[in-house]
Amino acid sequence: MTQRYLPDAALQLMPKVINLPAGMLPRTAARHFVCLTIGSRGDVQPYIALAQELQRAGHTVTIVTHAEYKEWIERWGVRHRTAGGDPGALMKLSVEHKMFSPQFFKESLSNFRTWLDDLLVDAWEQCKDADVLLESPSAMAGVHIAEALNIPYFRTFTMPWTKTAAFPHPFLSPPVELASFNTSTYILFDNVLWSATSGQINRWRKHTLHIGSTDMGHLAQSKIPSIYNFSTYVVPKPLDWGDAIVISGYWFLDNPDLEWAPPESLTQWMAKARQDKKPIVYIGFGSITVPNPPAMTRNIVKAVLRSDVRAIISKGWSARMSKTDETDFVFPPECYSIDKVPHDWLFPQVDAALHHGGAGTTGASLRAGIPTLIKPWFGDQFFWASRVQKIGAGMKVSSLSASEITTTLVKATSDRLMKERAASIGEKIRSENGVHNAVKAIYTYFDRAGRDRTELD
């Protein structure tokens, strides 16, 4: 059957669609979508889910990100191109110097500038055949590339980046929130970031992109059509965001490791825990680097034993243990240690999850309907810890002392109200179709995304 497409001009005159079934989205001509993102695996994974939805709609999609993720992305049938350097080095900078904070620019500016120069060059080379550009704003290059190519540009991100009085910038989350101060955090962040990068970016614009210099006013960041891949049940849409700022719901990628199967020893261990009527908790902090991994591991094990739970421990932080530490440390039978495990498989089978509060991991534990316990380390993790606590689906954990972990695990596995609230939030999140809503938003605001923002109201 021949596919029929609406001309773009006609598409923009149609009423905005609401809750349209996935098979009934208005179609536009096939295009090459390029997704530019940097960071951890959790920053990349949502784009694979979105890419698949766009490919089902007849488009071609390329994800431009770190080389480390090439094989993984291509196993999903999505094209990959390399930019962004080593994500491990980027993570180390982020944790040790609080990425994108004033402290970061003061203490690590020379390393950051070298990294940014490489990113700008790579991003242009890998994105210049795009018809549409979708970018995590942390990648910084895409908005300028889209201007040079005169193509539609969407900001797509796992955390809020658009100015609002409703809550502070996720990278500048204060202990107390006030509406006037909340707004100022976005202005402060934008100005600090632009002050640190504007010289490099404007030289790159002139010599590589062959367009003029720009400034904060011309970038008009508050007018950029943005699609945020989290849930309104976690972050309600602020009243001061316009209609072109869309919260789509999470972009979940189920079974992200296509060939993964649970070890038989794990399923047997979980069955034994259930037979013994013991709560099972997950404890893991992704690829976060910590200053004293052995001490943190000992604290966690003490807390597990004291709280009388069973724990599946994803030992990513132990990558920095010495060989002697790893050899000497033996986990007790109450703990099951594993290198990595897909959250979409594990979380629905446990009673609570204690993790670092990355946006993707937070979405996965909330989707599972279990209490979400967050020990934040840097960046938006503090924001997600605050949101989870505000909606009553979990707790922010201030430290990883044995006593605080014990208190946290006991509360998460025994507090009836917290468990009921987490289950309710999970049911609502599971009812959303984030990638479908995102593609619908792209089609709806396609014309606006291609216009000069200084001409928009």
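Here are a few things to note about the model shown:
- Being surrounded by 13 or more Cβ atoms within 10 Å (Cβ to Cβ) and assigned to a loop (DSSP other than H, G, I, E, B) is not true of residue 254.
- Hey, residue 281 over 30 Å from residue 165 (Cα atoms), under 27 Å from the mean Cα position of the chain (by Cα) and modelled with pLDDT of 95 or more or not: yes
- Any hit, region 16-23, residues being at pLDDT 60 or above and β-branched (Val, Ile, Thr): no
- Selection status of residue 364, in a helix (DSSP H, G or I) and at pLDDT below 95: no
So that you can scan it fast, the table gives a plain yes or no per residue for (1) outside the structural domain of residue 285 (by TED's automatic domain parsing); (2) in contact (Cβ under 8 Å) with a residue 24 or more places away in the chain; (3) crowded, with 23+ Cβ neighbours inside 10 Å; (4) of a type outside the set (Phe, Trp, Tyr):
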residue: 336; (1), (2), (3), (4): no, yes, no, no
residue: 349; (1), (2), (3), (4): no, yes, no, yes
residue: 359; (1), (2), (3), (4): no, yes, yes, yes
residue: 370; (1), (2), (3), (4): no, yes, yes, yes
residue: 392; (1), (2), (3), (4): no, yes, no, yes
residue: 410; (1), (2), (3), (4): no, yes, no, yes
residue: 421; (1), (2), (3), (4): no, yes, no, yes
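- Qualifying position, being out of contact with any Ser or Thr (no Cβ under 7 Å at 6 or more places or on another chain) and in contact (Cβ under 8 Å) with a residue 40 or more places away in the chain, among 220, 196: 196
- If the condition is being under 24 Å from residue 43 (Cβ atoms) and at pLDDT below 95, then region 199-222 contributes 219, 221, 222.
- Filtered residues of region 291-334 (kept if assigned to a helix (DSSP H, G or I), modelled with pLDDT under 85 and either under 28 Å from the mean Cα position of the chain (by Cα) or outside the structural domain of residue 408 (by TED's automatic domain parsing) (or both)): 316, 317, 318, 319, 320
- Boolean, residue 455 is at negative phi and modelled with pLDDT under 95: yes
The values are calculated or read from the model by the stated rules, or taken from the named source; none is laboratory data. If you're wondering where the values come from, they're calculated on a predicted model, not measured in any experiment. Counting neighbours? That spans all protein chains shown, and the Cβs are built from the backbone with ideal geometry, glycine included.
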